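One structure below.
The values are calculated or read from the model by the stated rules, or taken from the named source; none is laboratory data. From a predicted model like this one, the values you see are computed outputs, not experimental measurements. Cβ placement follows ideal geometry from the backbone for every residue including glycine, while neighbour counts extend to all protein chains displayed. Please note that ligands, DNA and RNA were not included when accessible areas were found on the heavy atoms of the full protein model with its side chains. Shrake-Rupley method; radii C 1.70, N 1.55, O 1.52, S 1.80 Å.
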Amino acid sequence: MAHASVAADPLARAVGRFRRAHPGVGVLVEDAPDDDELVYALADGRHELAVVSLPLPPAPDLVTEELGHHDIWLAMAPGTAIAPGPVSPAEVSAMPLVAVLHGGSARHAIRRALADAGQEEGTGREEGTGHQQSSRHEQDAGRDGDSREPARAVRSWAGVVTPRLGSVIPLVLTGAGAALVDRWYAERIAEQGGVVRPLGPPVRAPFGVARRREPLSPACRVFLEILRETCAARSAGGPGPGA
């Protein structure tokens, strides 16, 4: 089981290595619709291992292990006029964004990191609809013990909300809005002519694995070792897309 935000990187790399080394062993990968469902699926034994964005909701029967992080980039439509170099939170706040409806822990990590840099990422009123979606993020700030007054936060707003992370690339490329994405998605968007920039200060979303405390099956133990090796090699990778 996996969050969509880690399915392409690092999960796909690890599955490829595992299948090449053990071609007789099948692999089933299922998307986690949200954090709570993922925790339930592990706790009741439907899945042995999950590759996840961190942190997860606390669960006494589960253990987590951080294996790396995603660098978050701003992706924009081809031809977008923007200066070279990192983009500040204030610049992001002026852009309508393409947002994922169930961003889970990855979206939470982005919100917190941007809040620390002077911005609380939230969904604002969609033009012409009168639909207000910002209250969820004010509640999140209170739950996290953040004393920052929501009214003073710099906020971006979602021009488009999609239930699927895979929809973000075509939406950005056709000019529906900018998006905050990890490096893997930024590279795919840049390859198709999109304009991508890192954030400044950098924003990082941690990921890892979650599992029950009981011993894993032999095949799952082997896969976990391959995943750890894949993530270690990934951490030593080269620079991101041109900025």
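Brief remarks follow.
- Scan of region 156-172 for residues that are open to solvent by 50 Å² or more (accessible area, probe 1.4 Å) and modelled with pLDDT of 95 or more, ordered by number: Pro170
- The set of residues in region 72-121 that are within 22 Å of Gly175 (Cβ to Cβ) and modelled with pLDDT under 70 comprises Gly103, Glu121.
- Residue in region 192-240 that is farthest from Val27 (Cα to Cα), counting only those that are in contact with a Ser or Thr (Cβ under 9 Å, 6 or more places away or on another chain) and either open to solvent by 50 Å² or more (accessible area, probe 1.4 Å) or assigned to a helix (DSSP H, G or I) (or both): Pro201
- Flag if His22 is at pLDDT 95 or above and either crowded, with 17+ Cβ neighbours inside 10 Å or at negative phi (or both): yes
- Within region 16-40, the set of residues being under 20 Å from the mean Cα position of the chain (by Cα) and under 22 Å from His108 (Cα atoms) comprises Glu30, Asp31, Ala32, Pro33, Asp34, Asp35, Asp36, Glu37, Leu38, Val39.
- Checklist (1) over 22 Å from Ile169 (Cβ atoms); (2) in a helix (DSSP H, G or I); (3) in contact (Cβ under 8 Å) with a residue 40 or more places away in the chain applied to Arg20, failing item: (3)
- Annotation note: Cβ proximity below 9 Å between a residue of region 179-206 that is in contact (Cβ under 8 Å) with a residue 60 or more places away in the chain and a residue that is open to solvent by less than 30 Å² (accessible area, probe 1.4 Å) and acidic (Asp, Glu) (sequence gap 6+ or interchain) occurs for Leu180/Glu121; Asp182/Asp9; Arg183/Asp9; Trp184/Asp9; Tyr185/Asp9; Ala205/Asp182.
- Unique residue being surrounded by 15 or more Cβ atoms within 10 Å (Cβ to Cβ), of a type outside the set (Gly, Ala, Ser) and farther than 14 Å from Val181 by Cβ when the list is Met76, Met95, Met1: Met1
- Check on Gly175, over 26 Å from Asp31 (Cα atoms), open to solvent by 30 Å² or more (accessible area, probe 1.4 Å), at pLDDT 95 or above and not basic (Lys, Arg): yes
- Subset of region 28-48 (residues that are on the phi < 0 side of the Ramachandran plot, open to solvent by 20 Å² or more (accessible area, probe 1.4 Å) and in contact (Cβ under 8 Å) with a residue 60 or more places away in the chain): Pro33, Asp34, Asp35, Ala43, Glu48
- Exclusive hit being outside any loop (DSSP other than H, G, I, E, B), over 20 Å from Arg213 (Cβ atoms) and of a type in the set (Gly, Ala, Ser), set Ala8, Ala50, Ala81: Ala8
- Test result for Ala59, on the phi < 0 side of the Ramachandran plot, in a loop (DSSP other than H, G, I, E, B) and surrounded by 13 or more Cβ atoms within 10 Å (Cβ to Cβ): yes
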